[in-house]
Amino acid sequence: MSSFFIKKKVISAAPNKGDLKRKSNADDGKGRSKKFSKRMDEEISSDSENESADPNRKQQENEDDEIEETPQEKKLRLAKLYLEQLREEEDKKAEQESFEADLIAGRLQDDVLEQKGKLQRLIAKELIAPDPAEIRLLRGHKLPVTCLVITPDEKYIFSASKDCSIIKWEVESGKKAQKIAGGRKGTEARHVGHTAHVLCMAISSDGKYLASGDMNKLIMIWDPMTCKHLYKFKGHRDAVSGLAFRRGTHTLYSASHDRSIKVWSVDENAYVETLFGHQDMITGLDCLSRERCVTAGGRDRTVRVWKIAEESQLVFHGHEGSIDCIQLINEEHMVTGGDDGSISIWTVNKKKPVSTVKQAHGSHGNTGLEQPYWVSSVAALHNSDIVASGSHNSAVQLWKCGQGFRGLEPLFSVPMTGFVNSLKFSNSGKFLVAGVGQEHRLGRWWRIKEARNGIYIIPLKRQAQEQEVVQ
C-alpha cells in the first residue's frame, strides 16, 4: 500500500521514458479514435444521403413489409373487394330502376289525366311573339290552300288546295318533297288523284296513312312516305268536309255536306257504319283517342259529340250563326269558331259554352252596318292552355285559356294577309302552320287580291319550362 503511494508520487514528480511512451501511445489512440469517429460520421452521413436520395426504395421496402400476407388473407381481401363492387353495382341498378319507375308512373299518370281531360299544360305565359322575319312562306299552289296536316315526326307538312293538288313539304328546308297533281273535271276515270277542290285531310297517329276528301264526294287514302295512292272510299252523297283518324288506330271518321258521319276501317279497306243527326251540312270534325268524335253543324248551330260505342250523341248550342270550324283541346274540352265572329270553349259536361269571345277578330263595314270578321279556322295545342284562330282580318290570333278552360285572353297576333283557312300546331308545340288563300275554303264570297296562296310556318318560342296542373 505504502509502496503504491510512493510510486504514484514518483510518477507525478518525474515521469520516465516509459511513461512518455505510454502517453504517446494514448495520444495516438485518441487520434485514431477521432479518425475512426470521423470516418464513421462520413459513412453514416453517406448512408443518410443515399436514403434521402432514394425514398421510393425505402417506401417500397416498407410497403413490402406491410403487404406481406398469407394466401388465405389475400383470398379474403379480394373476396371483400369483389363483394363491395357487387354492392355498388346493385345500388346503382336500384337507383336507375327507381328513376325509370318514377318516369313510367309519371307518364301513366299523364295518360290517365289526358284520358279524363284533366291535364292542362300551362305554357301560354311562356310564349314569345315571333319575329316576322322568322316566319316562312312556302308557295306552290295556284289556288287558295284549304287544309293541311303535319306528320307525327314533324318533318313534313301536307297541304291541299282548290287546285285539286296535294303538296308534301320538308319542314326544315321548306322545299317541296313531292306533289300529287290535281286533274281536270271529267278525267276522274283515268286520273289518279283529286279532280275537285280538296276540303279536308287527316293523317294517322303512326304516320302510315294519309286521307283526303274533296267536293266530288270521294275520300282518297295515300301512303305518306311515297305519296302512292292506296284506296278510294265512296259513299257520301255530297262534298266531304271533315276527316279525322282515331288516335292509335286506323279507324277513320268522315263528315260531309250530306249531314252524315261515316266510320271506315282503313286497314281492311272497308266501310263500317253511318251516323245521322245534324240538320245542316257538317263543316268540321275532330277526334282524339276515345271512340268518339265531335262535329260542327254549320247553320244548324249545333256542336255534337258522337259516342260511337253507345250509339248516342250529345247536342250543344251557343253560336248565333254558322259554326264553321271545330278542334278538340283534350278529351273533355273543345274550341269552335263561326261566321258570327265568336270563339267558344266547350266542355262535354255542359250544353252551353263555358267561355265565349265575341268579335274575336274585330269587325268591318260602314258605321252602323258593321259585320264581324268570320272565324274561318281554329287550332289547339293538345292538353295545353293555347288555342289559335284565323280569319281574313290580316292576322292569326293566339289565345290563352284560363284555369279550368274558363275564359280566353289574347296573347299576341301574327300578321297574315288573306283567308286563314286552316291552322295546325305541331305535336311538340314548336311551330304553328297556317294555310292561307285569297278566298274562303268553302266559297267565293270575297277575294283578297294581295294575299298569297301558300302555307306559313310560324315558330313558337318559350321563355322557360312549362308547368302542368290538374283540373
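Assorted remarks:
- Computed magnitude of the charge dipole of the range 132-459 (debye, nearest 20; Cβ of K, R +1, Cβ of D, E -1): 760
- Solvent-accessible area, 1.4 Å probe, carbon plus sulfur percent, for the range 132-459: 45
- The chymotrypsin sites (Phe, Trp or Tyr not before Pro) found in the range 398-458 that occupy coil by DSSP, while having at most 14 further C-beta atoms within 10 Å, are TRP445, TRP446.
- Extension reserve of the THR226-PHE412 stretch, reckoned as 0.36 nm per residue once the Cα distance is removed: 63.2 nm
- The residues of the range 132-459 have, on average, 40 Å² of accessible surface per residue, using a 1.4 Å probe with all protein chains present.
- Extension gain from SER428 to GLU311, taking 0.36 nm per residue of separation minus the Cα-Cα distance: 38.8 nm
- Two-site FRET efficiency, LYS185 against ALA101, from Cβ-Cβ distance with R₀ of 41 Å, rounded to 0.05: 0.10
- Applying the criteria of a DSSP loop state and at most 10 other Cβ atoms within 10 Å to the trypsin sites (Lys or Arg not before Pro) of the range 311-410 yields LYS350.
- Alpha-carbon centroids, the range 392-467 and the range 265-290: separation in whole Å: 26
The values are calculated or read from the model by the stated rules, or taken from the named source; none is laboratory data. All values reported here derive from a predicted model rather than from experimental measurement. Using ideal geometry, Cβ is built from the backbone for each residue, glycine included, and neighbour counts are taken over all protein chains shown. Only protein heavy atoms, including side chains, enter the accessible area calculation; ligands, DNA and RNA are left aside. Shrake-Rupley method; radii C 1.70, N 1.55, O 1.52, S 1.80 Å.
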